[in-house]
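Note sheet for the following structure.
The values are calculated or read from the model by the stated rules, or taken from the named source; none is laboratory data. Everything numeric in this text was worked out from a predicted model, so none of it was measured. In this analysis, Cβ positions are derived from the backbone assuming ideal geometry, glycine residues included, and neighbour counts consider all displayed protein chains. These accessible areas exclude ligands, DNA and RNA; they are computed on the full protein's heavy atoms, side chains included. Shrake-Rupley method; radii C 1.70, N 1.55, O 1.52, S 1.80 Å.
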Amino acid sequence: AEILVFKDQQPSHDYATPHAAFADGCSLIINHADKVWPRLNQLCIGLAAVFRHCYANVYLTPHSSQTAPLHADDRDVLIIQTHGSKDWDVWRPPHWAQTLPFADEQLGKDGLHVSEAELGAKMLRRTLCVGDVLYIPRGAPHAAIAAPLASSCSLHVTIAIPTADLNWHGYISQAATAACADARRFREALPCGPLPLLTNPVSPLEIPEASDAWRRRFNDLWDEMRRSVTADAAAVTLRCKLTRLAAAQKDAVAPTLLEAADKEKEKEKDREEDKEENREEDNVEEEDDATKGERQVKVLSSLPLPSFSSSSSLLEAATLSLAAARVSSEALLPSTSIVKAASLDLIRHVRRAQEQNASDTHLLVAQGRPDPCSTRPARYAFVPDELRPAVSLFASLPLGNALSVGEMPARHAFMQVCAARFLVQIAVADVVDS
């Protein structure tokens, strides 16, 4: 899995963390989130019974923003809206474009620019809300913009069905490769010299005998391949490939994550037992004080794994993605507490405009100022506009004061987490309760 940052509909590498990028108005994409998120992993494995293989990408988009420009994909996709809302436009493929594209034929990618004017009338325009699902066929141009509600953002999961690979071309060519690639006759180099024109020779270098030799060799190899590549052999090749993909997808989720999911199921079972116990208590009409005193009601203090509909959902996936990449990262949620561990100075900085008629940029720099006797590093970073209220509040706190992430002034829960992550990143805050 990998986290991609998109700024102004283009990939960006200018941010130290995805939290800082999102706070600055960027969109985040987690590719192959099914490899780090147990719930998506289980969903994709279940869908493979119908689609043979699929994987999941997660998209987090700020309000009124568009992650990627208008484009088409080389795969069929299912869009599942899990938080906020998003407006989707879908067009029919233009007559001049490949309607079932491979990777190098996708409109809007790798230089194959396309505009709305070239596509004509929209085939579909829909607003997806939480729980809605949209199917977009392979090759259909589409674009999406998050709803303008400033107090929210859009989070959706894309289930990708790789039909550019799972098609008849791939079925036959992969079977031919499996059957013939190891044979020495197919590995031998082509003869040196000009390529033969087997019909209507025009080159003075063309030698009829050479052309005949090329033709005979081609026909021999073609016959050998046809004998080797049978329908049964092609089915076996595909079955082996799908088995490898399924095993890799299932094994990608670390055992510790699966254990965490099992523990959550156990906690949920305990909560159900508590509810049943409480219901039994309610049904007891008369019970003396001594008996009541003996009755113990089990109380669980736990934080359930965030659901798809939670604004913290991407945080879970991002944290698991970082963990899979062996990057140290503590999970931060709105219920987490952080403590001020070093002084924090806020410095105003003006970046002078380099072009005529352009305005100067007014920036805010957060500078950590640890105790001279401390081993804590002194770090600084530019504060994104979205995080200024939260960072300013934290700067005003005395050393040693704790603050819940959910108490930070921000538009929504994920932005609160972004502010906390920023403060931890510049070493002025420590996590005291996760």
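Between Ala353 and Ala247, what's the calculated FRET efficiency when r is the beta-carbon distance and R0 is 45 Å? Round to 0.05.
After rounding to 0.05, the efficiency reads 0.20.
For Thr336, list long-range residues whose amide hydrogen, built 1.01 Å from N in the peptide plane, is under 5 Å from its own amide hydrogen.
Val405, Gly406
Under a 1.4 angstrom probe, counting protein chains only, how are Glu188, Glu407 ranked by accessible area, largest first?
Highest to lowest solvent-accessible surface, that is Glu407, Glu188.
Output the peptides 161-168, 108-115, 217-224 sorted from most to least packed, where packing is the average of other Cβ atoms within 10 Å over each peptide's residues.
Listed from highest to lowest mean packing, they are 161-168, 108-115, 217-224.
Among 63-70, 268-275, 79-86, how do they line up from the highest to the lowest mean number of other beta-carbon atoms within 10 Å? Could you put the intermediate results ahead of the total?
Details: 63-70: 18.4, 268-275: 12.1, 79-86: 21.9.
Packing proxy ranking, top to bottom: 79-86, 63-70, 268-275.
If you stretched the chain out fully between Arg227 and Lys267, how much longer would it get, using 0.36 nm times the residue separation minus the C-alpha to C-alpha distance?
Stretched out fully, the Arg227 to Lys267 stretch lengthens by 8.5 nm.
Can you tell me how the stretch 1-124 classifies by the Cα gyration tensor, rounded, prolate or oblate, using a/c under 1.5 as the rounded cut?
oblate
Going by average Cβ neighbours within 10 Å, how do the peptides 33-43, 175-185 rank, with the highest at the top?
Put in order of decreasing packing, that is 33-43, 175-185.
Asp132: net charge of surrounding residues, Cβ under 10 Å, Lys/Arg +1, Asp/Glu -1, itself excluded?
Its environment carries a net charge of +2.
For Arg138, enumerate residues with amide H under 5 Å from its amide H, sequence gap 5+ or separate chain, H modeled in the peptide plane.
Residues meeting the amide H criterion: Asp76, Val77.
Given a 1.4 Å probe, how much area per residue of the stretch 116-166 is accessible, in Å²?
45 Å²
Could you compute how fast the stretch 379-434 diffuses translationally, taking Rh as the Kirkwood radius over C-alpha pairs and applying Stokes-Einstein at 20 °C with viscosity 1.002 mPa s? Give it in µm² per second.
D, rounded to a whole number, is 188 µm²/s.
Using a cut-off of 12 Å between beta-carbons, work out the net charge of the residues near Phe102 (Lys and Arg +1, Asp and Glu -1, Phe102 not included).
Net charge around Phe102: -3.
Which links in Lys7/Lys122; Lys86/Lys263; Lys7/Lys86; Lys7/Lys109; Lys86/Lys122 stretch past 23 Å when you go from one Cα to the other?
In this structure, Lys7/Lys122; Lys86/Lys263 lie more than 23 Å apart at Cα.
Amide H to amide H, which residues 5 or more places from His83 or on other chains are under 5 Å from it, using H placed in the peptide plane?
Those lying under 5 Å, H to H, from His83 are Leu155.
Which of the lysines could be linked to Lys265 by a straight reach, that is with a Cα gap under 29 Å, when you skip same-chain ones fewer than 8 residues away?
Lys35, Lys250, Lys275, Lys298
Whole-Hz ³J(HN,Hα) for each residue in the stretch 104-117, computed from phi via Karplus 6.51 cos²θ - 1.76 cosθ + 1.60 with θ = phi - 60°, x for glycine and proline: what do you get?
8, 10, 7, 4, x, 10, 6, x, 8, 5, 9, 10, 4, 4
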